[in-house]
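Structure first, commentary second.
Laboratory data are not the source of any read-out in this text; all were calculated from the coordinates shown. Just so it is clear, the structure is predicted and the values come from calculations on it, not from any experiment. Here the Cβ positions follow ideal geometry from the backbone for every residue, glycine too, while neighbour counts run over all protein chains shown.
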Amino acid sequence: MLRNHLIAASLLMAATTSLAWAGEAGRVILTNGQVQIAGKAAVRDAVVNEGDELSTGADGYVYVKTVDDGFLILRPNSKARVTAYTIDKANPSNTKVKLELLNGVARAISGQGVKNARQNFRFNTPVAAIGVRGTDFTVYTDQLTSRVSVMSGGVVMSALGGNCTAEGLGPCEGPASRELFAGQAGMLLQVQRGQQAPQLLNNPSLVPDQTEKPRPDEPTGKVSTGGTTLSVAPVNLDPQRTQASLAAVRPAVDDKSQPTNPPIVTTPPVVETVQPPVVLPPKPQEVFWGRWSSVAGAAVMPDAIAEQKTDDPAFVDKYAVARVKGATLVMPREGTVAYNLTNSEAFIQKADSQEIKGIVDSGKLDVNFANRSFTTSLAISGDGSQYNVSGRGVIDMKGQMMNDMGTNTAIRGFLSGSNVEEAAYVFKNTSNPGTTISGATSWKR
């Protein structure tokens with residue numbers, strides 16, 4: 001009987017050990033300004049438990065180191081809740097981590113427990129659910145709009161509603177979810193109440209870091225996006241490295257370390273030098289198209305293709321399209337992108353008549369990265385008539401766009417390498433009897 005009791009006690013101790021700090025989510029390593037945890041003023045080394053609500057005032061910052069060596073950082077005018085934080089090192093499938101940002105700006109750096117059980121991590125806002133790919137990300141939210149930007153790794157974001165409920169755990173993945181990765185510089189995901197799917201935006205003024213800026217002692221690097229320099233985390237998310245950078249910071253307000261009679265120190269005035277803004281050169285073009293011969297004054301093949309500075313071109317009718325040599329493709333695995341038409345050319349050829357130049361009045365190009373497909377449509381005018389050209393096709397892992405050459409609209413094209421910011425394709429359309437329309441288009445996100 002005693003032996004049975006000893007065995008049972010050993011099993012209980014093992015189970016207790018595998019669940020890291022059950023009930024305790026983390027500890028405060030820095031608090032500045034007005035910060036409350038579970039309704040009490042926060043101090044350094046204070047325990048943050050599951051169910052606790054954290055809030056900051058207009059001058060408040062709090063850094064919480066989680067039990068799995070991750071971090072939750074709350075910036076001013078923010079409120080968050082640690083709904084669940086249970087880490088099971090022996091059996092990651094039992095790990096459950098759920099955070100909620102009720103309003104304001106928060107930054108989350110995944111700890112090892114989250115990285116080992118990403119399918120059991122959820123970060124909720126009033127209108128969105130966010131899952132991770134092993135990540136460092138920042139979120140802004142109010143009751144109507146949520147935005148997320150990624151410093152390292154990636155996130156998947158979905159609008160709350162339908163099958164994606166606030167009560168769920170793990171990412172809501174499906175046709176209406178969107179992914180964002182750190183390689184997509186300057187991009188953010190935004191979802192507003194009532195929207196079925198997040199939008200992918202390129203607007204540096206909307207990133208959460210611009211709403212409530214990070215303290216200078218947050219672990220940061222510098223990147224420039226759209227001419228604006230933003231503070232972001234280093235790509236290396238080694239928890240020990242991040243922990244060391246934060247642990248070295250003494251809190252600006254620390255109830256345990258305030259001297260009774262602080263000395264009066266007179267310092268000379270600091271003269272700040274205002275640095276001029278850094279203007280980055282535009283990114284070089286990566287995708288090129290052109291005709292093999294000049295028609296109606298239109299340009300011939302660009303030098304990049306003619307001088308073989310691109311990979312093998314793709315051909316449709318009298319046009320070719322190619323991507324510059326050495327371009328490294330970073331293609332997202334999820335989400336959709338709507339591209340904007342930036343340049344185009346079209347020619348109209350009717351039977352027994354001379355080829356004339358057309359005008360591409362408008363166009364649409366949508367890319368679905370989840371199933372690697374695209375759809376496109378063009379409105380073209382010329383010879384006193386209006387023509388609609390549309391097509392769809394697939395994108396291979398090298399970023400080449402293609403469809404069945406036997407369809408009414410034959411298309412060949414490429415996505416650019418870095419951040420798939422560019423796209424270009426050449427086409428030939430025969431959907432109008434006795435009329436052939438050929439041309440080329442360039443696009444940007």
Computed over all unlike Cα pairs, the Kirkwood hydrodynamic radius of the stretch 19-247 in Å stands at 17.2 Å
With +1 on the Cβ of every Lys and Arg and -1 on the Cβ of every Asp and Glu, the dipole magnitude of the stretch 361-406 about its Cα centre, in debye rounded to the nearest 20, is 220 debye
Of the listed pairs 65/98; 40/96; 40/115, those with alpha carbons more than 22 Å apart are 40/96; 40/115
Between residue 196 and residue 340, the two model label points (7 Å from Cα along the beta-carbon direction) sit apart by a distance in nm of 2.5 nm
Full extension between residue 330 and residue 354 adds, at 0.36 nm per residue less the Cα distance, a length in nm of 4.3 nm
Here the net charge surrounding residue 103, from other residues whose Cβ is less than 14 Å away from its Cβ (Lys, Arg +1; Asp, Glu -1), is +1
The lysines whose Cα lies under 19 Å from the Cα of residue 357, excluding any fewer than 8 residues away in the same chain, are 318, 428
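Using the Kirkwood radius built from alpha carbon pairs, what does the Stokes-Einstein equation give as D for the stretch 53-165 at 20 °C and 1.002 mPa s, in µm² per second? Intermediate values should be presented prior to the final figure.
On the way: Rh = 14.0 Å.
Once the numbers are plugged in, D ends up at 153 µm²/s.
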One computes Rg over Rh for the stretch 287-444 from alpha-carbon atoms, with the Kirkwood Rh, and obtains 0.96
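Relative contact order for the stretch 19-247 using alpha-carbon pairs under 8 Å, separation at least 6, rounded to a whole percent?
RCO, the stretch 19-247: 14 percent.
Evaluate the charge dipole of the stretch 287-444 about its Cα centre and quote only its size in Debye, nearest 20, assuming +1 on the Cβ of each Lys and Arg and -1 on the Cβ of each Asp and Glu. Can you show the working numbers first?
Working: 15 positive and 16 negative charges, 39 e Å.
Here the size comes out at about 180 debye.
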Excluding residues fewer than 8 positions from residue 309 in its own chain, the lysines with Cα under 19 Å of it are 283, 325, 398
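What is the sum of charges around residue 421, taking Lys and Arg as +1, Asp and Glu as -1, for the other residues whose C-beta is under 13 Å from the C-beta of residue 421?
Values: positive: 283, 323, 444, 445; negative: 286, 422.
Charge balance in the 13 Å sphere: +2.
Round to the nearest 0.05 the FRET efficiency obtained for residue 436 and residue 167 when R0 = 51 Å and r is the Cβ-Cβ distance.
Numbers: r = 57 Å, r/R0 = 1.12.
Efficiency at R0 = 51 Å is approximately 0.35.
Taking the Cβ of residue 439 as the center, what net charge do the other residues with Cβ under 13 Å away carry, scoring Lys and Arg +1 and Asp and Glu -1? Intermediate results must be reported in sequence, preceding the final value.
Details: positive: 291, 318, 357, 412, 428; negative: 317, 345, 355, 361.
Here the charged neighbours net out to +1.
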Label model pair residue 210, residue 143: point-to-point distance (7 angstrom along the Cα→beta-carbon line) in nm is 2.6 nm
